[in-house]
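Inspection log for the structure reproduced underneath, given as structure tokens.
Please treat every number below as a calculation from the coordinates, not as lab data. Worth saying up front: this structure is predicted, and the values here are computed from it rather than measured. Neighbour counts are summed over all protein chains in view; Cβ atoms, including those assigned to glycine, are modelled from backbone coordinates with ideal geometry.
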Ligand code: FES
């Protein structure tokens with residue numbers, strides 16, 4: 001299993017996030033964001049109850065873009081490393097996903113989603 005191209009890198013805008021469903025499951029299994037200029041990718045699964053975080057398409061962040069939010073119970077995660085700093089799963093973390101940046105594209109190795 002190889003890599004999938006998620007989007008162009010310049011489509012991931014500072015302070016915003018985007019969800020992706022690379023396996024065609026009908027729900028976004030991962031999301032990417034840009035924070036402090038750096039692109040990060042995380043599995044879309046809250047460590048509290050293993051549910052999706054967003055309340056509607058692509059709404060993974062707080063209104064000011066400074067935190068990842070799980071809208072089920074309001075857990076707050078640091079965008080730079082996925083650590084929960086507030087909420088029922090405090091001290092746990094989102095699963096960070098490896099990704100690659102090639103020729104202006106954001107690529108993600110699919111095998112890590114099988115785990
Ligand atoms: S399921 Fe995410 S905070 Fe409860």
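Using Cβ contacts closer than 10 Å as the measure, can you line up 73, 35 from fewest to most?
Numbers: 73 12, 35 20.
Sorted ascending by nearby Cβ count, the order is 73, 35.
Taking a cut-off of 15 Å, what percent of all Cα-Cα pairs in the range 16-59 are separated by more than that?
Values: 391 of 946 pairs.
Summing the P(r) tail past 15 Å for the range 16-59 gives 41 percent.
Give me the number: length gained by fully extending residue 39 to residue 21, i.e. 0.36 nm times residue separation minus the C-alpha to C-alpha distance, one decimal in nm. Spell out each step's value before the answer.
Values: separation 18, 0.36 × 18 = 6.48 nm, distance 1.76 nm.
Result for the pair: 4.7 nm of gain on full extension.
So how much slack lies between residue 81 and residue 14, counting 0.36 nm per residue of separation and subtracting their Cα-Cα distance, in nm?
Details: separation 67, 0.36 × 67 = 24.12 nm, distance 1.57 nm.
That works out to 22.6 nm of additional length.
For the residues 42, 71, what sequence is obtained by ranking on other C-beta atoms within 10 Å, fewest first? Display every interim value, and only then the final one.
Working: 42 22, 71 15.
Lowest to highest Cβ neighbour count: 71, 42.
Counting other beta carbons within 10 Å of each residue's own, what order do 29, 62 fall into, fewest first? Working shown, then result.
On the way: 29 18, 62 13.
The most exposed by this proxy come first: 62, 29.
Roughly what percent of Cα-Cα pairs across the chain reach past 22 Å?
Working: 1713 of 6555 pairs.
More than 22 Å apart: 26 percent of the Cα pairs in the chain.
Taking 0.36 nm per residue of sequence separation and subtracting the Cα-Cα distance, how much length would be gained by fully extending the chain between residue 93 and residue 72, in nm to one decimal?
Working: separation 21, 0.36 × 21 = 7.56 nm, distance 1.57 nm.
Result: 6.0 nm gained on full extension.
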